Amino acid sequence: MTDTKTLKQRRQLLIATSGAGAVAAAATAVPFVASLTPSDRARAAGAPVQADVSKLAPGEMMTVEWRGKPVWILHRTPEMLASLEAETLERRLADPESVRLQQPPYATNRHRSIHDRYLVVIGICTHLGCSPTAKLVPGAAGGMAEDWPGGFFCPCHGSHFDLAGRVFLSQPAPTNLVVPPYKWLSDAVVLIGEDDGVTA
């Protein structure tokens, strides 16, 4: 028959082992939970990036990296902007008014931008994720067809986009190039990845 002293010892042992188990579980859980938070490097990779366009001449394009993706900034010339107004071009486009959601509301216009002069798009084809080539010069001089208005060409599967990143009709790419959220911090500095209503 078990005496009172033995029961008391067992109860104390049970309490002690339960407490030790709880401490061990907490000690294991803390580093595990900490490992789920993003690292400084991961946070930086997703952070908005600034681009200075002060030295970007009309007709030139620069590329900055945001979230591991190339973002193109094209400083369009007056001639480039005029080409976007042509009715003959609009008839060749799949989504000339950009009604599908590949851009924030402030870029739902013919130029697909906040300021007409500057196009800001992610340089990834909406077909299978290839990177198109800039073919900014119109006509055959740029290695394209005579009626080429200038824009972007994806050599992987042949998709064509105009100087606003709008896809032509009957192309493998189903939609226009994506416009990321962005805003202008000054006349020469654009912040990609954040706007006044959106942080992507």
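So how many residues does segment 169-200 have that are β-branched (V, I, T) and more than 16 Å from the chain's Cα centre (by Cα)?
Result for segment 169-200: 1.
Residues in segment 174-188: is at least one out of contact with any Gly (no Cβ under 6 Å at 6 or more places or on another chain), outside any loop (DSSP other than H, G, I, E, B) and buried (at least 17 other Cβ atoms within 10 Å of the Cβ)?
Yes: segment 174-188 contains one or more residues that are out of contact with any Gly (no Cβ under 6 Å at 6 or more places or on another chain), outside any loop (DSSP other than H, G, I, E, B) and buried (at least 17 other Cβ atoms within 10 Å of the Cβ).
Out of everything in segment 29-68 that is polar (S, T, N, Q) and loosely packed, with under 10 Cβ neighbours inside 10 Å, what residue ends up being modelled with the highest pLDDT?
Top of the filtered list is S54.
Output the residue which, of all residues in segment 154-173 that are part of a strand (DSSP E or B) and touching a His at 6+ places or on another chain (Cβ under 6 Å), is surrounded by the most Cβ atoms within 10 Å (Cβ to Cβ).
S159
Restricting to segment 81-105, count the residues that are closer than 23 Å to S186 by Cα and either in contact with a strand residue (DSSP E or B) (Cβ under 9 Å, 6 or more places away or on another chain) or surrounded by fewer than 12 Cβ atoms within 10 Å (Cβ to Cβ) (or both).
Selection size over segment 81-105: 3.
Return the pair list, or none, for Cβ contacts closer than 8 Å from residues in segment 165-186 that are within 13 Å of D95 (Cα to Cα) and in the same structural domain as W148 (by TED's automatic domain parsing) to residues that are among the hydroxyl-bearing types (S, T, Y) and part of a strand (DSSP E or B), at least 6 apart or on different chains.
Hits for this filter: V167/S159; F168/S159; Q171/S159; A173/S159.
The values are calculated or read from the model by the stated rules, or taken from the named source; none is laboratory data. In this text the structure is predicted, and so the values were computed from the model without any measurement. Note that each Cβ is placed from the backbone with ideal geometry, even for glycine, and that neighbours are counted across all protein chains shown.
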